[in-house]
Amino acid sequence: MDVDAVQAFVAIADHQSFTRAAKALGSTQGAISVKLKRLEERIGQRLIERTPRLVRLSAQGAVFLDFARDFLVAHDRAVAGLHAGRRRLVLGIATHVGGAEVPTLLARLNAHDPALTIEVRLDNSRALLDAFDRGEVDAAIIRREDDRRDGEVLAPEHFGWFATPSFVHRPGEPLRLAASSPSCGIRNIATRALDAAGIAWTEVFLGCGTFAVSDAVSAGLAAAVFSRRLAPPGTVEISQRWGLPPLPSSEIVLLSTPSDARSRATLKTLATAFREHSTSESVGSAA
């Protein structure tokens, strides 16, 4: 049966008026009449008796009313079950982008939709960009790569040269660098800047991800380029001390392909949480 037609019948029965039923359903009297007629033709019974002064149930309508209410309840329960089912969001976060805000993002996503299963993948921006293009992740928070202009900008990203206060760099010797994989965009930013400035360098540590590089720098093995908001605790910016070249800024972007209103709302929550955390971090750093 037509759900809209059954809703129209129940509304007429409840309000004993086509006009009031139409108002309750946000419709018109004419549309309500058409729906009732369609329902009566479908079941082959006259359900409503209508006179210039009175609207009331027919005998068949009185019998059908309880069944109609049960039908609508079952319909609403089925629709609610579809919307309440668990959904999955595969979220890629670049290792050189995700920091202290990640717990905040996950908490906000859970508060927004407790039925959401969140799968997080950590990798460098290039690998996540390729995974997004292949449809393997639903959304990705990455550093903007090359000249690609798609994606929603979440925050600017500024870089610096960092090492421990005790790090030693002797004039005339190559700068000792720690970096992630050769495909890492941050590594490429560092080496291009050094090459352009004519500064010799040598890699003394290659690690799998930003966390390993942070450990190497914190241990005093080398210097490295980090986002200023993600520099390892206990390290200092060394560009002025050692005459290291300035580094170009970038942007953190959210790539996504939301297919429905619920997904769009989830991604809006994600973007808002990242921006709010980034803003509070900037204010805290300035203070």
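The values are calculated or read from the model by the stated rules, or taken from the named source; none is laboratory data. All figures in this text were calculated on a predicted structure; none of them were measured in a lab. Neighbour counts run over all protein chains shown; Cβ positions are idealised from the backbone, glycine included. Please note that ligands, DNA and RNA were not included when accessible areas were found on the heavy atoms of the full protein model with its side chains. Shrake-Rupley method; radii C 1.70, N 1.55, O 1.52, S 1.80 Å.
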Rounding to the nearest 10 and keeping the result within 0 to 90°, find how far the Cα-based axis of helix 261-286 lies from the longest principal axis of the chain.
40
Given a Förster radius of 22 Å and the C-beta distance between ASN188 and GLU136 as r, what FRET efficiency does 1/(1 + (r/R0)^6) yield to the nearest 0.05?
0.40
Quick query: amide H of VAL120 versus all other amide H atoms, modeled in the peptide plane; which residues come in under 5 Å with a sequence gap of 5 or more or a different chain?
LEU91
Two decimals, Cα atoms only, Kirkwood Rh: what is Rg/Rh over the chain?
1.31
Based on Cβ point charges of +1 for Lys and Arg and -1 for Asp and Glu, what charge dipole magnitude is obtained for region 1-91 about its Cα centre, in debye rounded to the nearest 20?
260
Which order do the peptides 189-201, 213-225, 153-165, 30-42 take when ranked by the mean count of other beta-carbon atoms within 10 Å per residue, highest first?
213-225, 153-165, 30-42, 189-201
What does the extension gain come out to for ARG53 and VAL73, with contour length at 0.36 nm per residue minus their alpha carbon separation?
4.1 nm
How high is the FRET efficiency from ALA115 to ARG170, r the C-beta distance, R0 51 Å, rounded to 0.05?
0.30
Whole-number accessible area per residue in Å² for the chain, which is evaluated in the context of all protein chains at 1.4 Å:
53
Rounded to the nearest 20 debye, what is the charge dipole size of region 118-277 about its Cα centre when +1 sits on each Lys and Arg Cβ and -1 on each Asp and Glu Cβ?
360
Round to a whole number: what % of the accessible area of the chain belongs to carbon and sulfur, probe 1.4 Å?
54
How much of the DSSP bridge set in region 50-206 is antiparallel, in percent, rounded to the nearest 5?
5
Dipole magnitude (debye, nearest 20) for the chain, charges at Cβ of Lys, Arg, Asp, Glu
1020
Which value results when the Cα radius of gyration for region 1-152 is divided by 2.2 N^0.38 Å?
1.77
Cross-link reach list, lysines versus LYS23, counting only Cα pairs under 29 Å and skipping chain neighbours closer than eight places:
LYS35, LYS37
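Rounded to the nearest 500 deg cm²/dmol, what is the calculated helix-only ellipticity per residue at 222 nm for the chain, with -39500 (n - 2.57) per DSSP H run of length n ≥ 4?
-15000 deg cm²/dmol, from helical runs alone.
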